[in-house]
Each structure stands twice: as structure tokens, then as C-alpha cells.
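Shown next, in C-alpha cells, is the structure this report addresses.
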Amino acid sequence: MLFNSLHFLVFFPVVVGLYYGLPPRWRGPMLLLASYYFYMSWRAAYALLLLATTLVDYYSGYRMSQLPTKPERRPYLYLSLVSNLGTLFIFKYFNFFRDATLQLAGALHLPHASWPALELLLPVGVSFYTFQSVGYIIDVYQGRLEGEQNFGRFALFVAFFPQLVAGPIERGGHMLPQYRRIHRFDYQRVVSGLRLMAWGLFKKVVVADRLAPFVNPVFNNPQQHPEGPLLVLATLAFTFQIYGDFSGYTDMARGQPACWGLTST
């Protein structure tokens, strides 16, 4: 589900309405269910990967918070790092290192056995939620943050849908305390959040998406566009396209939590 899709246009107002319509104690569980629904709209099976990351890091943080010294905490730090970075390596970097290793061995005329590439679809947002969860674990290990005792609250921190697929990467010390507070409806705050979302949508749809039909053909087939001025113009347009994509999506991600009284970095 993309922020600029019709699916999200229906999904988001429903979530906002439920948030303020439900008793405070049900708001967190509702946001968690909404976040998993949002993620499963991409590929339902990969929600299990998100859940596995959450389980490992919740357990690691919980256990570390019960141990007073870093040497005692270190095995749980390693458990989290191996789990998170190993998952990221397999899904995102394994094929890159495989190809580089085979090419290097071939260039040096070294004997080597070829092994097949992994045909895995990259999970959406895996880098964002992995590094956010790792940041939490490191904060707990260093003693800057107490391990979260409430599993549902921690699961929401990892899976919170506005920042799940495109960031920004949040710190546990910034977001977790906000999930514990009761946020009441504030008209001005909601309008401010919607305004930021609208500005982000403008940058994404009007700026980035409108430049793509000009930029993409030039960069996909540069040999067919040898003219220097055209390449320079395409390069400048690509700068604004990338800015519109990332900045627009980030603004939409930051504007959504504001509608519930949550502040995002």
C-alpha cells in the first residue's frame, strides 16, 4: 500500500476515526493491527519476518534490562545483531556479494564453485525496521534506555505503519514514551498533520512523478541521447525527482503521527 494510492486514501481516515473513537486502552492494539494490515498489503508472508524480528528483539531487550552489566547483556546483543543483520544480508546483500566473489575469483583465475543466486523478493522496508530495532537494542545494551516490558507496545514501535516502509528511523527513547500517553483530539494538530501530508503528496505526485517520464528514458538509454545539454537537463531534473520522492514520502510519514499527537523526527 502506497501513501499516494486510493487504498491508503480510504485506510488512513478509517484508522484516524477508530483511534479517537476507541477507548484509550484499545488505541495501541488498533494501531498495531492497522500496521500489520498495511504491511501485509504488500506481501502477507513477509509479516512473519517482521514478527520474527519483533520477537527476537523484544526478548533480547527484555532480558538485557534485567542484567546489570554489559558483559552479562552481551549475548543478547549478539543474538539481536546476528538475527537482524543476518536477515538483512540474506535478503538484500547475499546476491551482491555472491556475484562479486565469483567475479573476483574468475579474474584471479582461482578455482571456485558456482552457487545459485537466491531468488528472494526483497521485503518492503526491511532496512528501516531492521535498523530501528537494532538502534533500540544498542540503546538498551548501553543503558540509555530501559527494555520495553509491554510486547504490544514494542511491536507497535517496530511496525508503526507511517514509518515502516520509508522511515524516518526513530529512536526507542523518542517514540516508546509517546505510545504510553493518552492523546486527545486536537483540531489544530490534526490540520497541521494533514497539511504536511498534503505538501508531501504534492512533492511526490506533482514534482517527482511528473519528472519521471522525462528522466527515465534518458538514463535508461543514455546512448540514444548523446546531446550534452539534454543529459545535463536530465541530471538536474533527476535531482528534483529524487528530492520529491524521498522528501515527499518523508513528509507524508511525519504528518500522519501528528494526527494522533505523536511527534516524529
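Just a few scattered comments:
- Scattering from the chain was approximated by placing one identical point on each alpha carbon and applying the Debye formula without solvent; log10 I(q)/I(0) at 0.13 1/Å stands at -0.98.
- With the gyration tensor restricted to C-alpha atoms of the stretch 158-265, the semi-axes of the equivalent ellipsoid amount to 37, 14, 8 Å, longest first.
- Ellipticity at 222 nm from helices only: DSSP H runs of n ≥ 4 in the chain, each -39500 (n - 2.57), divided by the residue count, give -22500 deg cm²/dmol.
- Charge dipole (debye, nearest 20) of the stretch 47-205; +1 at Cβ of Lys and Arg, -1 at Cβ of Asp and Glu: 540
- Spherically averaged projected area of the convex hull of Cα atoms, the stretch 5-90: 7.7 nm².
- Charge dipole (debye, nearest 20) of the chain; +1 at Cβ of Lys and Arg, -1 at Cβ of Asp and Glu: 800
- Cβ charges +1 (Lys, Arg) and -1 (Asp, Glu), total dipole of the stretch 183-265, debye: 360
Any read-out appearing in this document is the output of simple, stated calculations on the displayed coordinates, not a laboratory observation. Predicted model, so just to flag it, every value in this text is computed and none were measured. So basically every Cβ, Gly included, is an ideal-geometry build from the backbone, and we count neighbours across all protein chains shown.
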